[in-house]
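*Asks:* First, the structure itself, so that you have it in front of you.
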Amino acid sequence: MTKIIKVLKGTKDILPQEAGQWQKLEQNALEIFTKYGYREIRTPILEATELFARGVGDTTDIVNKEMYTFEKSDRSITLRPENTAGVVRSFIENGMARLSAPVKLWYKGPMFRYERPQAGRQRQFHQVGVEMFGIKEPTADAEVILLAVDYLKSLGLNNLEVEINSLGCPKCREEYKKRIKEVLKPEFDNLCEDCRNRYEKNPLRLLDCKVDSCKEIFAKPEIQKVIQSDFICEECATHYSDLKSYLDRLNVPYVENKLLVRGLDYYNRTVFEIKSNNLGSQNAVCGGGRYDSLVKNLGGEDTPAVGWAMGMERLNSLLPDVEPEKLDAYIVCNSPSDAFEFAQELRKEGIKVEFDLANKKFTKQLEKASKVAKYALILGEDEIKSNKVSIKNLETSEQISVDRNDVVNNIG
Ligand code: ATP
Ligand code: MG
């Protein structure tokens, strides 16, 4: 027997019966983001590997372990693992810094990370996200969080928890890093391998570790004392407290979580995640934050920025199934050319209609109609001659005869 080729591990087909949910995610995104002044940007899925090495950070899991990278004509190319770096590249390349601030962009599409596939974690997955450039004030942070919450509400997801934290700026964070390293030094040998590797390069990332034995270490009182201390400078503290007061005023509930540092290297000041209790261990649907240094690091003008990304598969698993919609009508007719012509007339009027392309027996066609459509439009020889159509309501079995021109008005 010929071997059947299967979908790659960690990737999935999105089948027609699931498409309704995906379309809802995409339609609501367009609608809500447009209300806030965002415009869609579509960047390539392939980018130069260097973009992610510099733009996501070479101490991250994404860059170290998870990228799909290959060589083509002596260039190292990577399938995008996330889209902030690509959007920033495009922002710089297309001179968007010259546009009047803020520049508000949104995107949707597939991302690729070589991770261990499990519930809520795939190797090809989809994100929808926003990026706002040019505003350093905390109003921007508040607006992107509000936008995320509004989008989730539009999907009927009201019970998600917003977690926020401030990572301070590179200056005030330096001192904090030192203190974290100091207090963790006696525990170094007890940390997991990832944490030991990150200890020198990116000590804050340790706090985000999901390994139980590390979590236990971070829960120790002397370590908690450092974690919970207010290390951020006055300016960063004002930015953070202003953000919180906007969220309070706008009735966006949030929880402060000092352990929230996020996986990417580029964040400063505000970071946030939105979590669901109905998702098991991969419970974050949204992650984001402020990244004021990224545009400059990638060669652009110094431009503050803030944004987030949501995992669409995880959003999907929180949505109720969308019932596939029935056709408005199914034409029952034994003359294919008449059926064709009639179907085209109706489609022009916006009616969803099909007929039997195989021209099976009348009774078979009626059976099919009752499965797939709301109305059967019967076009027998008599009807064709008299320019009439018999309309059968397939729910009530009621049947009426109307002029062909009147069909549309009778199947609303
Ligand atoms: P996680 O902690 O769940 O790995 P992350 O910090 O790596 O998330 P981000 O890079 O911030 O995630 O991406 C934002 C969102 O994209 C996540 O909150 C999640 O919903 C989704 N996401 C990330 N990686 C995957 C994946 N491999 N499969 C499915 N969804 C994912
Ligand atoms: Mg991850």
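*Asks:* Tell me whether segment 1-134 comes out rounded, prolate or oblate; compute the Cα gyration tensor, take square roots of the eigenvalues as a ≥ b ≥ c, and use a/c under 1.5 as the rounded threshold.
*Replies:* Because a/c hits 1.5 or more and a/b fails to exceed b/c, segment 1-134 counts as oblate.
*Asks:* How would segment 35-103 be classified by its alpha-carbon gyration tensor: rounded, prolate or oblate, with rounded meaning a/c under 1.5 and the a/b versus b/c comparison settling the rest?
*Replies:* Taking the square roots of the gyration eigenvalues as a ≥ b ≥ c, segment 35-103 is prolate.
*Asks:* Using Cα pairs closer than 8 Å and at least 6 residues apart in sequence, work out the relative contact order for the chain, in percent.
*Replies:* 16
*Asks:* Each label point is 7 Å from the Cα along the Cα-to-Cβ direction; what then is the distance between the points at D248 and N158, in nm?
*Replies:* Placing both labels 7 Å beyond Cα along the Cβ direction yields 2.4 nm.
*Asks:* Using helices alone, what [θ] at 222 nm do you get for the chain, with -39,500 (n - 2.57) per DSSP H run of 4 or more residues, divided over all residues and rounded to the nearest 500?
*Replies:* Calculated from helices alone, the mean residue ellipticity at 222 nm is -11000 deg cm²/dmol.
*Asks:* Moving to a separate point now. Report, to the nearest 10°, how far helix 362-372 tilts away from the longest principal axis of the Cα atoms in the chain, using its own Cα long axis and a range of 0 to 90°.
*Replies:* 30
*Asks:* Between G280, G350, G311, where does the largest GNM mean-square fluctuation fall for the chain, given springs only between Cα atoms within less than 10 Å?
*Replies:* The residue with the greatest mean-square fluctuation here is G350.
*Asks:* Additional query: Trypsin sites (Lys or Arg not before Pro) within segment 12-88: which are DSSP loop residues with at most 15 other Cβ atoms inside 10 Å?
*Replies:* The qualifying sites are K12, R42.
*Asks:* Still on this structure, please answer the following. Which whole-angstrom value gives the distance between the alpha carbon centres of segment 1-29 and segment 183-217?
*Replies:* Distance between centres, Cα-based: 38 Å.
*Asks:* A further question on this structure: Distance in nm between label sites at K35 and E18, each 7 Å beyond Cα in the beta-carbon direction?
*Replies:* Taking the two extended label points, one gets 2.8 nm.
*Asks:* At R0 = 56 Å, how high is the FRET efficiency between D382 and N277 if r is their beta carbon distance? Nearest 0.05 is fine.
*Replies:* It comes out at approximately 0.35.
*Asks:* Now a separate question. Once the Cα atoms of helix 16-35 and of the chain are each reduced to a long axis, what angle between those two axes, in degrees from 0 to 90 to the nearest 10, is obtained?
*Replies:* It works out to around 60 degrees.
*Asks:* Local charge sum around K181 (other residues, Cβ-Cβ under 13 Å, Lys/Arg +1, Asp/Glu -1)?
*Replies:* Local net charge: +4.
*Asks:* Given segment 278-412, what percent of its DSSP beta bridges are antiparallel, to the nearest 5?
*Replies:* 65
*Asks:* To one decimal place, what orientation-averaged projected area in nm² is obtained for the convex hull of the Cα set of segment 1-42?
*Replies:* 5.1
*Asks:* Please give me the summed charge of the neighbours of G86: other residues whose Cβ is under 12 Å from its Cβ, Lys and Arg +1, Asp and Glu -1.
*Replies:* Net charge in that neighbourhood comes out at -1.
*Asks:* While we're looking at this one, here's another question. When the chain is modelled as a GNM with alpha-carbon springs shorter than 10 Å, which of E200, E381, E313 fluctuates the most?
*Replies:* It is E381.
*Asks:* Then there is this: Among P186, N405, A119, whose Cα projects farthest towards the positive end of the dipole of the chain, with charges put on the beta-carbon of Lys, Arg (+1) and Asp, Glu (-1)?
*Replies:* About the Cα centre, the residue reaching furthest to the positive side is P186.
*Asks:* A further question on this structure: Which whole-percent values make up P(r) of segment 72-145 when all C-alpha to C-alpha distances are grouped in 5 Å steps starting at zero?
*Replies:* Pairs per bin, as whole percents: 3, 12, 19, 18, 17, 13, 10, 5, 2, 0.
*Asks:* Counting only protein heavy atoms, what percent of the accessible surface of the chain is carbon or sulfur at a 1.4 Å probe?
*Replies:* That fraction is 48 percent.
*Asks:* Taking only Cα atoms, what is the 0 to 90° angle, nearest 10, from helix 138-154's long axis to the longest principal axis of the chain?
*Replies:* Once rounded, one gets 30 degrees.
*Asks:* Please work out how much length the chain gains when fully extended from V372 to K177, using 0.36 nm per residue of separation minus the C-alpha to C-alpha distance, in nm with one decimal.
*Replies:* Result: 63.9 nm gained on full extension.
*Asks:* Net charge near K275, counting Lys/Arg +1 and Asp/Glu -1 over other residues with Cβ under 12 Å of its Cβ?
*Replies:* Around K275, the surrounding residues sum to -2.
*Asks:* Given Cβ point charges of +1 (Lys, Arg) and -1 (Asp, Glu) and nothing else, what value in debye, to the nearest 20, does the dipole of the chain about its Cα centre take?
*Replies:* So the dipole magnitude of the chain works out to roughly 840 debye.
*Asks:* Have a look at E341, E273, E301 and tell me which one the Gaussian network model of the chain (Cα, springs below 10 Å) gives the largest fluctuation.
*Replies:* Comparing E341, E273, E301 in the GNM, the peak value goes to E341.
*Asks:* Quick one: check the C-alpha center-to-center distance for segment 241-259 versus segment 331-389, whole angstrom.
*Replies:* Distance between centres, Cα-based: 58 Å.
*Asks:* Okay, next question. Please compute, over every Cα-Cα pair in segment 128-175, the percentage with a separation greater than 15 angstrom.
*Replies:* Everything past 15 Å amounts to 59 percent.
*Asks:* Another question, if that's okay. Using 0.36 nm times the number of residues separating E325 and Y114, minus their current alpha carbon distance, what extension gain do you get?
*Replies:* 72.3 nm
*Asks:* OK, next. Taking a probe of 1.4 Å, how large is the accessible area per residue of the chain, in Å²?
*Replies:* For the chain, the per-residue accessible area is 54 Å².
*Asks:* Further question: Determine the percent antiparallel among the DSSP beta bridges restricted to the chain, to the nearest 5.
*Replies:* Taking every DSSP beta bridge within the chain, about 80 percent pair in antiparallel fashion.
*Asks:* Which peptide among 284-295, 184-195 comes first, and what is the full order, when sorted by highest mean count of other Cβ atoms within 10 Å?
*Replies:* Taking the mean over residues of other Cβ atoms within 10 Å, the ranking is 284-295, 184-195.
*Asks:* OK, next. Between K201 and N316, what is the FRET efficiency for a Förster distance of 35 Å, r being their Cβ-Cβ separation, to the nearest 0.05?
*Replies:* 0.50
*Asks:* Compute the distance in nm between two label points, each set 7 Å from the Cα along the Cα-to-Cβ direction, one at D212 and one at K258.
*Replies:* Label-label distance for D212 and K258, simple model: 2.5 nm.
*Asks:* Here is a further query. Starting from the Kirkwood Rh over alpha-carbon pairs, what translational D in µm² s⁻¹ does the chain have by Stokes-Einstein at 20 °C and 1.002 mPa s?
*Replies:* Approximately 86 µm²/s, per Stokes-Einstein.
*Asks:* Answer with one residue from T59, T363, T303: the one whose Cα lies farthest towards the positive end of the charge dipole of the chain, charges on Cβ with Lys, Arg +1 and Asp, Glu -1.
*Replies:* Going by the Cα projections, it comes out as T59.
*Asks:* How long, wide and thick is segment 233-359, going by the Cα atoms along their three principal axes, in whole angstroms, largest first?
*Replies:* 80, 39, 29
The values are calculated or read from the model by the stated rules, or taken from the named source; none is laboratory data. Note that the structure is predicted; figures quoted are calculated from it, not measured. In this analysis, Cβ positions are derived from the backbone assuming ideal geometry, glycine residues included, and neighbour counts consider all displayed protein chains. Accessible surface is based on the protein model in full, side chains and every heavy atom, while ligands, DNA and RNA are left aside. Shrake-Rupley method; radii C 1.70, N 1.55, O 1.52, S 1.80 Å.
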